[in-house]
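Q: Questions regarding the structure given below will be posed in turn.
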Amino acid sequence: MPNDAKQTYSWDTNPAVEALSQGDFEYVLTQELLNQYREAVDDPEALFPTIAGKHDGRPMSNVYESSGPAIATRMMIECFNAPTVGKKLKITGGVDGRYIWRGRWYIVTSASCTDEDGRLIERQTSIHMHSAEEVGRKWQ
């Protein structure tokens, strides 16, 4: 989705839970991507280079403009089947919820990754604190 077509995310008007099918994307896992991941994690047998893709945030960022700085506060990854080099991977995701805790705004995003044969590769979920500039004020 081109940048000029992105929407502005509004805490007040967007639904708290939202499937973002217009932000879904696909790519082919190449041997080069697998090699780069294995080198980065210093494990020549690492099986899940999809972890480095941070799939859960991309459907939202494909649809919405950034609302400013955010800090990842938690990330959960469930790995089911190792992806196969040369297979197309499809990522579907959305917003799973949002909440305010101790005066700070948090958004929960998630994504599922399946291969072209329909095998579930992984699920990722992250929680991001928005208005992160507040955090740095204690050091000013």
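For (1) touching a strand residue (DSSP E or B) at 6+ places or on another chain (Cβ under 8 Å); (2) farther than 18 Å from residue 113 by Cβ; (3) of a type in the set (Gly, Ala, Ser), each residue gets a yes or a no:
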position	(1), (2), (3)
6	yes, yes, no
21	yes, no, yes
28	yes, no, no
48	yes, no, no
58	yes, no, no
62	yes, no, no
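Q: Do we have residue 36 as surrounded by fewer than 12 Cβ atoms within 10 Å (Cβ to Cβ) and part of a helix (DSSP H, G or I) here?
A: Values: surrounded by fewer than 12 Cβ atoms within 10 Å (Cβ to Cβ): no; part of a helix (DSSP H, G or I): yes.
In short, no.
Let's see how each residue does on (1) modelled with pLDDT under 90; (2) touching a Phe, Trp or Tyr at 6+ places or on another chain (Cβ under 9 Å):
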{"site": "3", "(1), (2)": "yes, no"}
{"site": "16", "(1), (2)": "no, yes"}
{"site": "19", "(1), (2)": "no, no"}
{"site": "24", "(1), (2)": "no, no"}
{"site": "29", "(1), (2)": "no, no"}
{"site": "32", "(1), (2)": "no, no"}
{"site": "45", "(1), (2)": "no, no"}
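Q: I would also like to ask the following. So which residues in the range 86-119 are among the charged types (D, E, K, R), within 27 Å of residue 6 (Cβ to Cβ) and in contact (Cβ under 8 Å) with a residue 40 or more places away in the chain, if there are any at all?
A: 88, 90, 96, 98, listed by residue number.
Q: Among the numbered criteria (1) outside any loop (DSSP other than H, G, I, E, B); (2) on the phi > 0 side of the Ramachandran plot, which single criterion is violated by residue 42?
A: (1)
Q: Working only within the range 45-71, note down all residues that are in contact with a Ser or Thr (Cβ under 6 Å, 6 or more places away or on another chain) and not in a loop (DSSP other than H, G, I, E, B). Please lay out each step first, then the result.
A: Going residue by residue through the range 45-71, those that are in contact with a Ser or Thr (Cβ under 6 Å, 6 or more places away or on another chain) are 56-57, 60, 65.
Across the range 45-71, the qualifying residue is only 60.
Q: From the set of residues in the range 86-140 that are assigned to a strand (DSSP E or B) and charged (D, E, K, R), which is modelled with the lowest pLDDT?
A: Here is the first cut: in the range 86-140, the ones assigned to a strand (DSSP E or B) are 88-101, 104-115, 120-130.
Now drop any that are not charged (D, E, K, R), which leaves 88, 90, 96, 98, 104, 115, 122-123.
Working: 88: 96, 90: 96, 96: 94, 98: 92, 104: 85, 115: 96, 122: 95, 123: 95.
Restricting to residues being assigned to a strand (DSSP E or B) and charged (D, E, K, R), the top hit is 104.
Here is a yes/no grid of residues against (1) surrounded by fewer than 17 Cβ atoms within 10 Å (Cβ to Cβ); (2) in contact with a helix residue (DSSP H, G or I) (Cβ under 7 Å, 6 or more places away or on another chain); (3) acidic (Asp, Glu):
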residue	(1), (2), (3)
44	yes, yes, no
50	no, no, no
55	no, no, no
59	no, yes, no
65	yes, no, yes
70	no, no, no
73	yes, no, no
80	yes, no, no
85	yes, yes, no
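Q: Give the range 48-85 a look and list any residue that's farther than 28 Å from residue 5 by Cα, more than 11 Å from the chain's Cα centre (by Cα) and touching a residue at least 40 places away in the same chain (Cβ under 8 Å), or say none.
A: Within the range 48-85, 48, 73, 74, 78, 79, 80, 81, 83, 84, 85 meet the criteria.
Q: A further question on this structure: Which one is farthest from residue 15 (Cα to Cα) among residues in the range 71-128 that are in contact with a Pro (Cβ under 9 Å, 6 or more places away or on another chain) and among the β-branched types (Val, Ile, Thr)?
A: If we take residues in the range 71-128 being in contact with a Pro (Cβ under 9 Å, 6 or more places away or on another chain) and among the β-branched types (Val, Ile, Thr), then 121 is farthest from residue 15 (Cα to Cα).
The values are calculated or read from the model by the stated rules, or taken from the named source; none is laboratory data. Every value quoted in this text rests on a predicted model; they were computed, and no experiment measured them. Virtual Cβ from ideal backbone geometry, glycine too; neighbours counted across all protein chains shown.
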